[in-house]
Each structure stands twice: as C-alpha cells, then as structure tokens.
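Asks: Please see the structure below; I have some questions.
The values are calculated or read from the model by the stated rules, or taken from the named source; none is laboratory data. Just so you know, these numbers come straight off a predicted model, no measurement behind them. Neighbour counts run over all protein chains shown; Cβ positions are idealised from the backbone, glycine included.
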C-alpha cells in the first residue's frame, strides 16, 4: 500500500473534536505535490484534475471512516469498496490521491498518498484506490 501523509492541521481537527465517522469524505486526484501546511480543500482545489474523461471535480465519495484505537494508534478504515475511476478519454496526469472531509463548509484536508510517478489513463483504463486494512493511521 502507498504510504499515507497527513496534513498538519488534520491532527488539530481531530483533537478539536471533528466527528469524522458521521461525515462524508472524498478522494480527489492531483498531479501537484500537496503541502503538509495546507489545511482546506480550497488550498489545493486549483490543482485538482478538471472534470471530464471519467473524472468529476471534487473527487469520489467514500463512507466516512470508522476508527479503532489500540496502544495510542488510531486506525481509520473506509467502510466502502475502493473507489475506481474509468477513463472515457485521456485522464490525467495525476500522482497524488488526496482525502478531505467534505461535510463541513470549510472542507478540511486529511492527508494524501503519493504514487511515485504521474499516471495518465487512456479510455477505458481504470485506476482503483485500494483501501486495505486501514485508510490511514494516526499516532
């Protein structure tokens, strides 16, 4: 699994009582390296893939993650199937999948995954973001 990188403000949001399990989270695609100091969707929305060719601006919704805590580690797990994008033309390039909480109007950023190099899909190729044992872990 591709490693998770958290946005710095997300830890403060969790400590401030954000109720992630009751919110709608989304995953968006971008080819611009996210900056850990960013805190809101508006900070990165200008770098997101444009709508079209199999991608919709705003990204794919996932059911808000539930979490378990063991020994100081909180593991957040998505409760839905892994989101898949299917190109209907050239889609991309993108290298990063970014998670954010879309329920509050401010849309706080959660974190991102780096796939190592830009990906471009041609019709009808697909990209699936795989949710394995945990969407992300905070410690």
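Asks: Could you check region 82-95 and list, in sequence order, the residues that are outside any strand (DSSP E or B), exposed (fewer than 15 other Cβ atoms within 10 Å of the Cβ) and more than 12 Å from the chain's Cα centre (by Cα)? Show your work before the answer.
Replies: Going through region 82-95, the residues outside any strand (DSSP E or B) turn out to be 82-83, 87-90.
Among the residues that remain, those that are also exposed (fewer than 15 other Cβ atoms within 10 Å of the Cβ) are: 82, 88-90.
Once the filter is applied, which keeps residues that are outside any strand (DSSP E or B), exposed (fewer than 15 other Cβ atoms within 10 Å of the Cβ) and more than 12 Å from the chain's Cα centre (by Cα), region 82-95 yields 88, 89, 90.
Asks: With crowded, with 18+ Cβ neighbours inside 10 Å and either outside any strand (DSSP E or B) or at pLDDT 75 or above (or both) as the only criterion, which of 98, 12 stands out?
Replies: Numbers: 12 fails: crowded, with 18+ Cβ neighbours inside 10 Å.
Going through 98, 12 in turn, just one is crowded, with 18+ Cβ neighbours inside 10 Å and either outside any strand (DSSP E or B) or at pLDDT 75 or above (or both): 98.
Asks: Where residues in region 21-55 are touching a residue at least 24 places away in the same chain (Cβ under 8 Å), exposed (fewer than 15 other Cβ atoms within 10 Å of the Cβ) and not in a loop (DSSP other than H, G, I, E, B), which of them is farthest from the chain's Cα centre (by Cα)?
Replies: Per the criteria, the residue is 52.
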